[in-house]
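Below: the structure, in structure tokens.
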Amino acid sequence: MVSSLRGMLRKIIRKGSLTVTGADGQVEQFGDGSGPPLSARFLDADAEVEIFRDAQLKLGEVYMQGRLVFDVGNIYDFLALVRSNTLVSDLTFPMLWRGLLRILQAKLKGFVPINHNKRNVSHHYDLSAKLFDLFLDQDWQYSCAYFNPPGISLDEAQLAKKRHITAKLMPEEGQRVLEIGSGWGGMAMYLAETCGVDVSGITLSEEQLKVSRDRAKKRGISEKVRFELQDYRTMKAKPFDRIVSVGMFEHVGPSNYRRFFKKVSKLLSDDGVMVLHSIGQPYPPLYNNPFIEKYIFPGGYIPSLAEVLPAIEKSGLLVADCEILPMHYAHTLRHWRERFMARKEEAIALYDENFVRMWEFYLAGSEMAFTHEDFFIFQLQITKKRMTVPNNRDYIAPREEALKLREAQRAPLEKVIF
């Protein structure tokens, strides 16, 4: 089986410069020698066997367990090299067999009426708050930043993201705003402080709820920003003027899209506006990435617009605007990965080396999805009436400039300390 993996690599790696050293000390070169060198080393022969049999899951597991190390380059470089070389014709029988099995499992799961939203959210977001403090920006934005203009810092780009979304949301002073998936509270607090609106944020993460409530209290805006442990599906409230959801839709799942937008329709006033910010991909996925599903986001699902738009239309809502941000998340993930690895020892102290390698693989694989697999961010502006928002996009930039002036009047963001 070791020779089978090497044979697969010889077939796949046509361009590039990859050196692989086996557990027996055998060294082999792959590629045409072009590009930056990359050197990988296996610490046991079984690791190569496992990857050959199920590369989608086992590559991440083997790396996480420290059985695959890189003497030159890193795991992102390896993933990008493989993905940039791989063709459909390179798929082996084990890959095809595993893929067909996962498609079948995904289809069967779709018929089982079980939802573990809170458990799935807790699996990821209820990790130690100190972990996220290692790599997120000062406001703890755990979603795609907006690098406009290009080259700005992560903190500046996350602020630009909140500003861009707010400009599209068009909130007016005194209005009631609902945030579905409020995270650590940054978006809700930004809306309250820059626009004078009353915000209700809902989350299924107890850790995020605790942090967001504490942050609002410290900033003295608890009366204007309230956070609740609440599932959107069971929420009962009078309609909101504005609804925003950033980085939460990936946890809804395609079988619940109609239900999600029907609930939005009930919670949104007749003259209301919603902005939905989510990861998307250019085709409906046949199944979830097995490593991400098992270790990072159980139950997560990255939709295509072809799956989302019909659910919106059938819920009596209108898409007023759609913006695609193709590379902004790649830049965001690169910042996160570099910041995380710069504080690697602190992360090891929180958990262990296996966890750190798992997290690095997750961040690297996610970045690669945007640089090599055409994943993107979509922002949908949703209304009930066609003329609720302007019929051109000229209003966005002036609103962003006005928000910049209001930002200058806000108190400086506090550094979250645990």
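For this structure, a couple of remarks:
- Of the residues making up the range 219-237, not a single one is under 19 Å from the mean Cα position of the chain (by Cα) and part of a loop (DSSP other than H, G, I, E, B).
- Among residues of the range 128-163, those that are open to solvent by 10 Å² or more (accessible area, probe 1.4 Å), within 24 Å of C322 (Cα to Cα) and either in contact with a Pro (Cβ under 7 Å, 6 or more places away or on another chain) or not in a loop (DSSP other than H, G, I, E, B) (or both), counted: 3
- Within the range 313-350, the set of residues being assigned to a helix (DSSP H, G or I) and either aliphatic (A, V, I, L, M) or not assigned by the TED database to the domain that holds V246 (or both) comprises A330, L333, M341, A342, A347, I348, A349, L350.
- Qualifying position, being of a type outside the set (S, T, Y), farther than 16 Å from N74 by Cβ and in contact with a Ser or Thr (Cβ under 7 Å, 6 or more places away or on another chain), among A306, A369, A330, A320: A320
- Just one of (1) modelled with pLDDT of 95 or more; (2) farther than 22 Å from D155 by Cα fails for E206. It is (1).
- Residue in the range 57-69 that is touching a residue at least 24 places away in the same chain (Cβ under 8 Å), in contact with a Phe, Trp or Tyr (Cβ under 7 Å, 6 or more places away or on another chain) and small (G, A, S) present: yes
- Number of positions in the range 355-391 that are open to solvent by 70 Å² or more (accessible area, probe 1.4 Å) and without any contact (Cβ under 8 Å) to a residue 40 or more places away in the chain: 2
- Close pairs (6 angstrom Cβ cut-off, 6 or more residues apart or separate chains): at negative phi in the range 162-185, part of a loop (DSSP other than H, G, I, E, B) and open to solvent by less than 10 Å² (accessible area, probe 1.4 Å) anywhere: P171/V197; Q175/V197; V177/V197; W184/W140
- Test: residue in the range 246-255 that is surrounded by fewer than 22 Cβ atoms within 10 Å (Cβ to Cβ) and not in a helix (DSSP H, G or I): yes
- Filter result for Q29 (at pLDDT 90 or above, open to solvent by 20 Å² or more (accessible area, probe 1.4 Å) and under 30 Å from the mean Cα position of the chain (by Cα)): no
- Residues of the range 256-278 satisfying the condition of being open to solvent by 10 Å² or more (accessible area, probe 1.4 Å) and in contact with a strand residue (DSSP E or B) (Cβ under 6 Å, 6 or more places away or on another chain): S269
- Among the residues making up the range 129-147, those that are touching a residue at least 60 places away in the same chain (Cβ under 8 Å) and of a type in the set (S, T, N, Q) are Q138, S143.
- For the range 279-324, the candidate set comprises residues that are among the small types (G, A, S) and more than 17 Å from V264 (Cβ to Cβ); within that set, the residue that is most open to solvent (accessible area, probe 1.4 Å) is A306.
The values are calculated or read from the model by the stated rules, or taken from the named source; none is laboratory data. Because the structure is a prediction, the values reported are computed rather than measured. As a convention, Cβ positions derive from the backbone with ideal geometry for all residues, glycine included, and neighbour counts pool all protein chains shown. We work out accessible area using only protein heavy atoms, side chains counted, and drop any ligands, DNA or RNA first. Shrake-Rupley method; radii C 1.70, N 1.55, O 1.52, S 1.80 Å.
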